[in-house]
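Asker: Just dropping this structure here.
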Amino acid sequence: MMWKDTYRIGVDRIDQQHMELFRITEELVNAVKEGAAVEVYQRILGFLKDYVIYHFRDEEAYQESIHYSGIEAHKEEHRQFTETVLHYEERLTANGFNEKTMKDLAGTVTAWLIYHVVDTDQKIVSGEAPAGEEKQFDQFVDLFAHSALDMMETMAGLDQSSAQLQTVGSDQPQGDVFVTIQLVDDLNGKAVFGFSKELALHLLESMTGMELTEVDELVQSALCELTNISCGNAATALTKRGLQCDIKPPVLSNEFPGENTGSGIRIDTAFGPMEVGVLL
């Protein structure tokens, strides 16, 4: 079961709506794993689209009622996700609800929803500003590596204290699946994340409560969204330091993309390794 009681924010109406969103998402994940009929996909997507809009309006009304300071940033997250769902609807309508695209949607929705509920929404009731005190790192790669660790702890309960980090010089990051994100503006280059198969499956199994054996489109799409969240947080931290940084959409590959990175960090966890490299 995807929903966990630790996801509650303590506002009954919002918690009930979150539970329903998790139920819909779990139904979506099960549908793509079982290869459901097009009619099932259409029903789930239609309900998801309508319920997301309904829930976001309710949640924003609650934020306005308590004068939440982070409401504008929160609304922007809602707007972007709504656009993502509508974009998938257009693609799926055009391609006849292609199974690969449905898996992409399921992975994206799973990762986004869990992060939004366990991180962003918790700040509504805690009173915490959207971006708190930032850790300071001497090297850019340290920032991106620790941002990835923060993401894995938030999303999948990975214990950061048990992870071991070591510099791997300028070698190519190792991994079974790679996600690359281009960095633009004051900081130009790319960040590359190499996930081992074991770690990739563990992250998704922790998030969905389902046993997975292959890094398929569902897992790959979720990894892209997780990396996008992680890099977005790192870019925000850099911008707060006066170094404007923006990111492009993640690009996935099964082989290391291009030339060596300028520096890298290997993260060994109890569930498998990953490597992070930054080329500027």
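The values are calculated or read from the model by the stated rules, or taken from the named source; none is laboratory data. None of these values were measured; they are calculated from a predicted model. No Cβ is skipped: glycine too gets one built from the backbone with ideal geometry, and neighbour counts run over all protein chains shown.
Asker: Would you confirm, using the coordinates I've provided, whether residue 75 is touching a residue at least 24 places away in the same chain (Cβ under 8 Å) and either assigned to a helix (DSSP H, G or I) or of a type in the set (Val, Ile, Thr) (or both)?
Answerer: It is false that residue 75 is touching a residue at least 24 places away in the same chain (Cβ under 8 Å) and either assigned to a helix (DSSP H, G or I) or of a type in the set (Val, Ile, Thr) (or both).
Asker: Please tell me if residue 251 is touching a strand residue (DSSP E or B) at 6+ places or on another chain (Cβ under 7 Å) and over 17 Å from residue 146 (Cβ atoms).
Answerer: Here the answer is yes, as residue 251 does meet what is asked.
Asker: Which is buried (at least 22 other Cβ atoms within 10 Å of the Cβ) and hydroxyl-bearing (Ser, Thr, Tyr), of 208, 213, 167, 154?
Answerer: 208
Asker: Moving to a separate point now. How many residues are assigned to a helix (DSSP H, G or I), under 23 Å from residue 81 (Cβ atoms) and either aromatic (Phe, Trp, Tyr) or touching a Phe, Trp or Tyr at 6+ places or on another chain (Cβ under 7 Å) (or both) when one looks only at segment 186-230?
Answerer: The total comes to 4.
Asker: Among the residues of segment 38-72 satisfying the criterion of being among the β-branched types (Val, Ile, Thr) and in a helix (DSSP H, G or I), which is farthest from residue 119 (Cα to Cα)?
Answerer: Top of the filtered list is 38.
Asker: Still on this structure, I have one more. Which pairs turn up if I take residues in segment 229-241 that are in the same structural domain as residue 151 (by TED's automatic domain parsing) and look for partners that are among the polar types (S, T, N, Q) with beta carbon separation below 6 Å, at least 6 apart in sequence or on another chain?
Answerer: 230/147; 233/147; 234/147
Asker: Being under 23 Å from residue 201 (Cβ atoms) and over 22 Å from the mean Cα position of the chain (by Cα) is the filter here, so list the residues in segment 169-188 that pass it.
Answerer: 172
Asker: Considering only residues of segment 1-37 that are among the basic types (Lys, Arg) and not in a helix (DSSP H, G or I), which is surrounded by the fewest Cβ atoms within 10 Å (Cβ to Cβ)?
Answerer: Our first condition is that a residue be among the basic types (Lys, Arg); within segment 1-37, this holds for 4, 8, 13, 23, 33.
So of that shortlist, the ones also not in a helix (DSSP H, G or I) come out as 4, 8.
Values: 4: 13, 8: 18.
Going through the qualifying residues, I end up with 4.
Asker: Among the listed residues 56, 47, identify the single one that is free of Cβ contacts under 8 Å to residues at least 40 places away in the same chain, touching a Phe, Trp or Tyr at 6+ places or on another chain (Cβ under 9 Å) and surrounded by 14 or more Cβ atoms within 10 Å (Cβ to Cβ).
Answerer: 56
Asker: Now for a separate question. Would you be able to say whether some residue in segment 185-195 is closer than 30 Å to residue 5 by Cβ, among the aromatic types (Phe, Trp, Tyr) and not assigned by TED's automatic domain parsing to the domain that holds residue 27?
Answerer: yes
Asker: If we scan segment 175-186, do we find a residue that is closer than 24 Å to residue 33 by Cα, hydroxyl-bearing (Ser, Thr, Tyr) and touching a Leu at 6+ places or on another chain (Cβ under 9 Å)?
Answerer: No.
Asker: Can I ask one more? Just one of (1) free of Cβ contacts under 8 Å to residues at least 12 places away in the same chain; (2) within 19 Å of residue 104 (Cβ to Cβ) trips up residue 204, so point out which.
Answerer: Looking at each condition in turn, residue 204 falls short on (1).
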